[in-house]
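Report on one structure; see the data block that follows.
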Amino acid sequence: MPVEHIKLVLETTLGKSIADATNEEIYAALINIVQGLAANKNKIPHGRKLYYISAEFLIGKLLSNNMINLGIFDDVRDLLKEYGKDITDIEELELEPSLGNGGLGRLAACFLDSLATLGLSGDGIGLNYHFGLFKQTFKNNLQTEIPDHWLSPLGWLTRTGEGYDVIMAGKKYHSTMYDLYVTGYKGRANKLHLFDLDTVDDTLIADGIGFNKKKISKNLTLCLYPDDSDDDGRKLRIYQQYFMVSNAAHLIIEESLSRGSDLHDLFDYAVIQINDTHPTMVIPELIRQLGEHGINMTEAIDIVSKCCAYTNHTILAEALEKWPLSYLEEIVPQLVPIIEVLDNRIRRKFNDEKVAIIDSNDTVHMARLDIHYTYSTNGVASLHTEILKNSELKDFYNLYPEKFNNKTNGITYRRWLLQANPELADYIAKKIGPGFIRYSEELSDFEVYLNQEDTLNDLLTIKKVKKTQLADYLLKTRNITVDTESIFDMQTKRLHEYKRQQLNLLWVIKRYLEIKQGLIPKRKVTVFFGAKAAPAYTIAKDIIHAIIVISKIIDADPVASKYLQVVMVDNYNVTLAEKMIPACEFSEQISLASKEASGTGNMKYMLNGAVTIGTEDGANVEIHNFVGDKNIYIFGMQSDEVIKAYEKGSYNSKSYYKKDPVLKKAVDFLVGKEAMSLGNKENLKRLYDELLNKDWFMTFPDFSEYCKVREKAYEDYEDREAFAKKCGINIARAGFFSSDRTIKEYNNDIWHLEAN
Ligand code: 26Q
């Protein structure tokens, strides 16, 4: 769209000149314009359409992203500037949608972007959480959760007239569907459908993030992953999941019928991707609804199994969902006879308790239901898929080797390079042209430029610009001062013991103690953490507490603070990630090998020229293969060793503690005088005990090698040109990790959609 036209449309929408409009008015007008442009690109699919059902869509702010994808961002920015308006001020008016919690939700968002970019017809289906995930603040050095009321009348969601009746526990609920457009880069537009109930009452959340869990008509879509430490919480999750998938099934059937399906051929019209086990009930529900359309059970099972595919995102046993049959009998009795039929067939066919859907305790195993009754089960990184096949889901792989496949995750370049790091994106485009934005494999053309000193200096300059921008932002929004001459080392991801933020912290303590002993490092390091802990995850919150306490101890020390700083940012989310990741120099990806299914933050950091310090876990393994030993810092146990150690049950953390005096000192510091006088005894002691007596995720065995490798990384950093080259190689070899590549693979192997 030519810029004069944008101006005309903007002023017509505003009803006044840009100069006279408030930022709010401009924001509203821009939403309007984007929606108009997107509507024109929302074409009826040719052939099959994908429905990506997910409990989370961590989409981030939409204004800039949509304008970039529609090709109007630069013009709008420049136009507004002419009238004294700053696009970043307008961006700040937008609240980040609180519809997700971590990797799985962000992956869903990247996938929607890539689908639309590739011209593939694929809509997302989820829930319209009013508060979504909590907002994190720190009080008394502890995480506190406050409600995140992100929904505002001025936003992207459109209330549609559509909705369906959903029966739960014998009661009829009528849903309302909200839609928003998903734009692709120079591509088509798809939709994200979010279901809600009109009766949901925001005032139920009054004090903190707790609420009455029994009043389903008032609380159904208040929160993402409501606290499940009691039965009511667990049941609420079943209500949410069923509500999501029942609406999905209605929508899929309705749309397919309207496009000419007679439902016997549903698989020619619809393919359903089940994002982890949360939407699993779509299988029996779709069977049930097909029954209502006159299709018999045997055929319905066959149709549904040909429509559905399942993605596994985790190998942690505790995250594999299991529901007591009695809960399902209470809430979704209409599904129980169907699930029993599904189970009986498996029992008859295989006569093996280990693969039964309903086990002998009357517990329903959702992942098993998925694997038996979908045509594809995929893992999200090569190592992850191998572990699924060879250990975690071995019994199932033996039954259905042909169903198992790998789809290594990816990230969208539009948000994680163009939007987050326009300086770097423009620079690359000047060298190799803009093709890489759409054809990520072209990024490799950048590598030849790394032999020129100028390029290396330019990369360092860009990094410094991004570090300075982050420093300014942290000062402005959080009153945190950081030194941009220091090394920026970051670990940002959900807080979980397996991700091992505690290992990073033990290194910090080690360095602090060294400085106190007079071992002065060459350069200051700023260690950034960004992480929310699940509200009921005690040890995770203890780790946050310890990080904050250590950070304050260092800040208060006049000598140590010259060489070391720990910044625990509050409320890490997509918006903050976009500001932090481009400023990072070392990316910490230090999960215990075998535990991180893939990781996607690792890819975002790589693409922005950070060098990884990591274990051979998840997609780190693939990153390592692409960049080679020289451009990554790898340490730690191998996944097969870890798996064996768990099998043997031989791991004993105390023996490492006793053997390694450096480790011992760092661990002891957690409960030493300094920490205890600033922090809470209870939290610190619990963390200390946990590490000493259990350390389930084996931080101790990896500690000394981790320290060695990390210190080597910092030493290598001092050769600035050599470091810049490592950054450049990471960028140039990130092409594989575009979600466009991932989506192409899903499409070729699983979905078979036709682009239009
Ligand atoms: C399960 C049972 C009960 C309550 C909650 C849950 C639950 C909730 C959220 C289980 C899993 C999740 C989220 C998982 C997740 O985000 N997994 C991440 O997915 C990414 C995308 O594939 C991977 O890159 C990460 O490695 C993986 O951790």
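A simple spin-label model places the labels of Glu682 and Glu329 3.9 nm from each other, with each point 7 Å out along Cα-to-Cβ. Here the label points at Asp78 and Ala206, each 7 Å from Cα along the C-beta direction, are separated by 5.5 nm in the simple model.
Only protein heavy atoms count here; on that basis, with a 1.4 Å probe, Ser444 has an accessible area of about 60 Å². Cross-link pairs exceeding 19 Å in C-alpha to C-alpha distance, out of Lys467/Lys524; Lys464/Lys726; Lys306/Lys403; Lys463/Lys579; Lys532/Lys644, comprise Lys532/Lys644.
If you put +1 on each Lys and Arg Cβ and -1 on each Asp and Glu Cβ, how big is the dipole of segment 375-435 around its Cα centre, in Debye rounded to 20? Present the calculation step by step, with values, prior to reporting the outcome.
Details: 8 positive and 6 negative charges, 46 e Å.
Magnitude of the dipole: close to 220 debye.
If contacts are Cα pairs under 8 angstrom and at least 6 residues apart, what is the relative contact order of the chain in percent? Relative contact order for the chain comes out at 14 percent.
Considering only Ala734, Met603, Ser650, the residue lying farthest towards the positive end of the dipole of segment 584-737 is Ser650, judged by Cα position with unit charges set on Cβ. Taking every alpha-carbon pair under 8 Å whose residues sit at least 6 apart, segment 253-337 reaches a relative contact order of 32 percent.
Within the shell defined by Cβ-Cβ distances under 11 Å, the residues around Asn625 carry a net charge of -2, with Lys and Arg each +1 and Asp and Glu each -1. Only one residue of Pro147, Met168, Val200 has its Cα farthest out toward the positive end of the dipole of segment 88-218, where Lys and Arg carry +1 and Asp and Glu -1 on Cβ, and that residue is Met168. Other residues with beta-carbon under 11 Å from the beta-carbon of Leu592 carry, at +1 per Lys or Arg and -1 per Asp or Glu, a net charge of -4.
Between the DSSP loop rule and a limit of at most 12 other Cβ atoms within 10 Å, which GluC sites (Glu not before Pro) in segment 697-735 are left?
Details: sites: Glu705, Glu711, Glu715, Glu718, Glu721; in loops: Glu718.
When the GluC sites (Glu not before Pro) of segment 697-735 are filtered for loop state and at most 12 Cβ neighbours within 10 Å, Glu718 remain.
Using a Förster distance of 25 Å, how high is the FRET efficiency between Arg720 and Asp426, based on the Cβ-Cβ distance and rounded to 0.05? Spell out each step's value before the answer.
Details: r = 22 Å, r/R0 = 0.89.
It comes out at approximately 0.65.
Can you give the FRET efficiency for Thr137 and Lys744, using 1/(1 + (r/R0)^6), R0 = 30 Å, r = Cβ-Cβ distance, to the nearest 0.05? E between Thr137 and Lys744, to the nearest 0.05, is 0.15.
Please work out the average accessible area per residue across the chain, using the 1.4 Å probe convention, and give it in Å².
Numbers: 27540 Å² over 756 residues.
Roughly 36 Å² per residue, with all protein chains present.
The calculated FRET efficiency for the pair Asp302 and Arg234, based on their C-beta separation and a Förster distance of 22 Å, comes to about 0.10.
Provide the gained length on full extension for the span Lys524 to Thr88, in nm with one decimal, where the gain is 0.36 nm per separating residue minus the Cα-Cα distance. Could the numbers behind the result be given before it?
Numbers: separation 436, 0.36 × 436 = 156.96 nm, distance 3.10 nm.
Contour length minus Cα-Cα distance gives 153.9 nm.
With θ taken as phi - 60° and the Karplus curve 6.51 cos²θ - 1.76 cosθ + 1.60 applied, the whole-hertz 3J(HN,Hα) list for segment 535-542 is x, 9, 8, 4, 5, 4, 6, 5 Hz, x standing for glycine and proline. Full extension of the segment from Thr160 to Lys664, taken as 0.36 nm per residue of separation minus the current Cα-Cα distance, would add 175.4 nm.
Kindly identify segment 505-649 as rounded, prolate or oblate by the Cα gyration tensor criterion: order the square roots of the eigenvalues as a ≥ b ≥ c, call it rounded if a/c is under 1.5, otherwise compare a/b with b/c, prolate if a/b is larger, else oblate.
Note, shape of segment 505-649 comes out rounded.
Relative to the Cα centre, the charge distribution of the chain, modelled as +1 at Lys and Arg Cβ and -1 at Asp and Glu Cβ, gives a dipole magnitude of about 1440 debye. Listed by chain and number, the lysines whose alpha-carbon sits under 19 Å from that of Lys215, ignoring those within fewer than 8 places in the same chain, are Lys171, Lys172, Lys235. As a length-normalised measure over Cα pairs under 8 Å and 6 or more apart, the relative contact order of segment 13-99 settles at 41 percent.
In summary, the aspartates and glutamates within cross-link reach of Lys61, defined as a Cα separation below 12 angstrom excluding same-chain residues under 8 places away, comprise Glu91, Glu92, Glu94, Glu96, Glu578.
Calculated mean residue ellipticity, 222 nm, the chain: -14000 deg cm²/dmol, from DSSP H runs (n ≥ 4) at -39500 (n - 2.57) each, averaged per residue and rounded to 500. Since only Leu393, Thr314, Val341 are under comparison, the one whose Cα sits farthest along the positive direction of the charge dipole of segment 313-407, derived from C-beta charges on Lys, Arg, Asp and Glu, is Leu393. In this simple spin-label approximation, His149 and Tyr439 carry label points 7 Å from Cα along the Cα→Cβ vector, and these lie 5.1 nm apart.
Near Ser17, once Lys and Arg are set to +1 and Asp and Glu to -1 for all other residues with Cβ below 12 Å from its Cβ, the sum equals -1.
Note on Arg438: accessible area is roughly 60 Å² with a 1.4 Å probe, heavy atoms of protein only. Rounded to the nearest 20 debye, the dipole magnitude of segment 12-60 is 480 debye, with +1 charges on Lys and Arg beta carbons, -1 on Asp and Glu beta carbons, and the Cα centre as origin.
Taking 0.36 nm per residue of separation and subtracting the current Cα-Cα distance, fully stretching the chain between Lys349 and Val3 would add 118.1 nm.
Within the chain, what whole-number % of the accessible surface is contributed by carbon and sulfur, with the 1.4 Å probe and all protein chains included in the calculation?
Working: 13690 of 27540 Å².
The nonpolar share, carbon plus sulfur, comes to 50 percent.
Of the trypsin sites (Lys or Arg not before Pro) found in segment 473-523, those in coil by DSSP whose Cβ has at most 16 other Cβ atoms within 10 Å are Lys522, Arg523. Separation of segment 329-349 and segment 272-291, taken as the distance between their Cα centroids, equals 13 angstrom. Annotation for segment 26-101: chymotrypsin sites (Phe, Trp or Tyr not before Pro) lying in DSSP loop with at most 14 further Cβ atoms inside 10 Å of their Cβ are Tyr83. When only alpha carbons are used to place a centre, segment 646-679 and segment 697-733 end up 24 Å from one another.
The values are calculated or read from the model by the stated rules, or taken from the named source; none is laboratory data. Just so it is clear, the model here is predicted, and its values are computed rather than measured. Cβ atoms come from the backbone with ideal geometry, glycine included; neighbour counts cover every protein chain shown. We work out accessible area using only protein heavy atoms, side chains counted, and drop any ligands, DNA or RNA first. Shrake-Rupley method; radii C 1.70, N 1.55, O 1.52, S 1.80 Å.
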